[in-house]
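Accompanying notes for the structure given below.
Read-outs throughout are calculated quantities, based only on the coordinates presented, and are distinct from any laboratory measurement. Predicted, not measured: the structure shown is a model, and the values here were computed from it. Note that we place each Cβ from the backbone using ideal geometry, even for glycine, and neighbour counts take in every protein chain shown.
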Amino acid sequence: MVLRPTHFADNLRERPDALWGFLAVIVGTGLTPLFLYPLQEVAPAISAGVVYLIPVLLISAFWGLWFGLGSAVCGTLAFNFFHIEPTGRLTVTDPENLVALTVFLIASILTSTLAEMLRSQAVEADQRRLEANITADMARILLGGQSLAEALPSASSKFSEDLGLKRARITATADPDPAPDMVTIGLGDGIEQVIEMPRAARKQTVDWTRERLAPSIGAVVKVAVTRDRLQEQAIEAGALRRSDVMQTCLLYTSPSPRERTRSRMPSSA
């Protein structure tokens, strides 16, 4: 059972708008010193650097590596400005503080990189799950007993539902004069059936369908075409066997030429 179509974009994990990423970096860097200010009397300044890693981690998870690295640099500068002696300036006089600042910057970069790696793995897992679920739906419908031509409308409707795109469909052949607002995606070499999607769909969705989903559905369609061809051959072979049986029966039941000649001769008195 596939995930709900309304959550399709969430499962492809589209990144939020870049403007919100810049705002998140600024807000995260600005609010962290305010949060730490009441704790400066009870917590060592060096320990405060751990708190700056929280916005770095969150920003990397939502907006990606580059925004995470920007947050790490901004956090390092804020950590130096507000917590490293002498405070209020971007200078470091104590070598120990310089080492602490360097360690914090490295930790921030590693945190951002790790968050991006985890996010990429989550996106890949979601895409593979969606691909497997949609392909399973197509296989269940296209190979469920009906011929490919009969099952294609139901498969097209389910495909549109799974993607959450009303005009997405699988057609029997490519339209020689496609609509300008539709994108045609082939299912593979030697396959007449194609996927049609609205051009207004997100580029990420179209690219994912072309690169990952179309080959999987194409493999199912090939199996369905082969099944239909084998069924047709079986029907033809059955018809030939029945014809041979009828001819054999006629040969055994029909009188021979000699018997027909005798039947025409007049009987003797």
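Of all aspartates and glutamates in the structure, the ones whose alpha carbon falls short of 12 Å from that of Lys222, not counting any fewer than 8 places away in one chain, are Asp189, Glu192.
Packing-based ranking of 157-163, 59-65, 184-190 yields 59-65, 157-163, 184-190, ordered from highest to lowest mean Cβ neighbour count within 10 Å.
3J(HN,Hα) couplings calculated from phi for segment 148-159 with the Karplus curve 6.51 cos²θ - 1.76 cosθ + 1.60 (θ = phi - 60°) are, in sequence order, 4, 4, 6, 7, 4, x, 5, 5, 5, 5, 5, 4 Hz; Gly and Pro show x. Partner aspartates and glutamates whose Cα lies under 12 Å from the Cα of Lys166, excluding those fewer than 8 positions away in the same chain, are identified as Glu196. Think of each Lys and Arg Cβ as +1 and each Asp and Glu Cβ as -1; about the Cα centre, that makes the dipole of segment 143-233 roughly 340 debye.
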